[in-house]
Amino acid sequence: MPLTTTGELITRARAARSAVAAFNIITLEHVEGVVAGAERAGVPVVLQVSENAVRFHRGSLFPLARAAVAAAERAAVPVALHLDHVRTDRLLRQAADAGFGSVMYDASHLPYDENLAATRAAVDRAHAQGLWIEAELGEMDGKDGGAPRDAHAPGARTDPAEASSFVTHSGVDALAVAVGSVHAMTTRTATLDHALLGRLTAVLEVPLVLHGSSGVPDEELRAAVAGGIAKVNIGTALNQALTGTLRTYLGAHPDAVDPRPYLDEGREAMARTVERIVTAVGLTPA
Ligand code: G3H
Ligand code: ZN
């Protein structure tokens, strides 16, 4: 199937009052596992590469991106490529050439005025390349490996009036909102602020994005999608599946040398995770 874009998938999902799932990929096995899980569930999917993942690949975006494009083109469901949590202009400039149709520009760690100015400039650069761009207001901790901040801390929430002004003045195509999820949770115990989400959807016309969805239980994710979340970002759940499987395999096979048996099991565990989440959340079929 031809590579599609996040913007296109979100437009279709919103028309069906649903959302699109976006999974963070780090290795080729992540790419293959996510596509396999989406195909089994019969839903479109976004493969997203974070700036942290690019750093892991020693600063090179293209090798993983080329693999993701090739997998997308061979997939039986629509697949889009998204560049996630971008903070550097260098990466933003590479996005379109590498096959990405969308980026998330992350200046959420900056004070409001600086976040707005940096995002406005990023929007201009992204739109000049034909890219759909998401930004974030209301910082969610945990993405830099630090201890997640309490999801209920006032500073970790998005203010509706501020968000409305931010969207108007930045020109972003979508907004990541902080409504109670936290990056890198390894337990699914987050409670979302659905009243706040309701106030945000009432004042914002752009699609809303939920980050840190690994820590959000299925029923909370379902309610968030019903309440207006259009893109659900999931990363840690895949890494738990991969690493947990490898740990078990290597414990049972201490003399293992060939990586293929345990990478195969890890890839399959990621595929099952993808299929389980998109099915449980009830995302709309391709
Ligand atoms: O942008 C990526 C997501 O927010 C992933 O968060 O690893 O907590 O699922 P997660
Ligand atoms: Zn995120």
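The table that follows gives values for the structure above.
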{"item": "Candidates E114, E73, E39: whichever shows maximal mean-square fluctuation once the chain is modelled as a Gaussian network with Cα springs under 10 Å", "result": "E114"}
{"item": "Nearest-20 debye value, segment 171-286 charge dipole, Cβ charges on Lys, Arg, Asp, Glu", "result": "120"}
{"item": "Accessible-area composition of the chain, carbon plus sulfur, in percent [1.4 Å probe]", "result": "54"}
{"item": "Most to least accessible of D89, D255 (protein chains only, probe 1.4 Å)", "result": "D255, D89"}
{"item": "Length gained when the stretch H57-D218 is fully extended (0.36 nm per residue, less Cα-Cα span)", "result": "54.8 nm"}
{"item": "Calculated log₁₀ intensity ratio I(q)/I(0) where the Debye formula runs over C-alpha points of the chain, q = 0.12, 0.14, 0.16 Å⁻¹", "result": "-0.70, -0.96, -1.29"}
{"item": "For segment 116-133, 3J(HN,Hα) per residue [Karplus equation, 6.51 cos²θ - 1.76 cosθ + 1.60, θ = phi - 60°, Hz, x = Gly/Pro]", "result": "4, 5, 5, 5, 4, 5, 5, 4, 4, 5, 5, 5, 5, 9, x, 8, 7, 10"}
{"item": "Per residue accessible area of the chain, 1.4 Å probe, in Å²", "result": "41"}
{"item": "Rough spin-label spacing in nm, given labels placed 7 Å along Cα→Cβ, for A195 and L110", "result": "3.3"}
{"item": "Length-normalised contact order for the chain - Cα pairs under 8 Å, 6+ apart - percent", "result": "22"}
{"item": "Alpha-carbon Rg/Rh ratio, for segment 1-117, with Rh computed the Kirkwood way", "result": "0.99"}
{"item": "In order through segment 267-275: 3J(HN,Hα) via Karplus (6.51 cos²θ - 1.76 cosθ + 1.60), integer Hz, x for Gly, Pro", "result": "4, 5, 5, 5, 4, 5, 4, 4, 4"}
{"item": "Cut-off under 5 Å, modelled amide H: who pairs with H82 long-range", "result": "L47, Q48, V49"}
{"item": "Sequence of M185, M104 when ordered by accessible area, the most exposed leading, probe 1.4 angstrom", "result": "M185, M104"}
{"item": "Radius 10 Å from Cβ of Y112, net charge of other residues (Lys, Arg +1; Asp, Glu -1)", "result": "-4"}
{"item": "Net charge of Cβ neighbours under 10 Å - reference L196; Lys, Arg +1; Asp, Glu -1", "result": "0"}
{"item": "Note, ³J(HN,Hα) from phi for segment 47-58, Karplus 6.51, -1.76, 1.60, rounded to Hz, x at Gly and Pro", "result": "9, 10, 10, 8, 4, 4, 5, 5, 4, 4, 7, 6"}
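The values are calculated or read from the model by the stated rules, or taken from the named source; none is laboratory data. Being a predicted model, the structure only gives us computed values, none of them experimental. No Cβ is skipped: glycine too gets one built from the backbone with ideal geometry, and neighbour counts run over all protein chains shown. All accessible areas refer to the heavy atoms of the entire protein, side chains included, with ligands and DNA or RNA removed. Shrake-Rupley method; radii C 1.70, N 1.55, O 1.52, S 1.80 Å.
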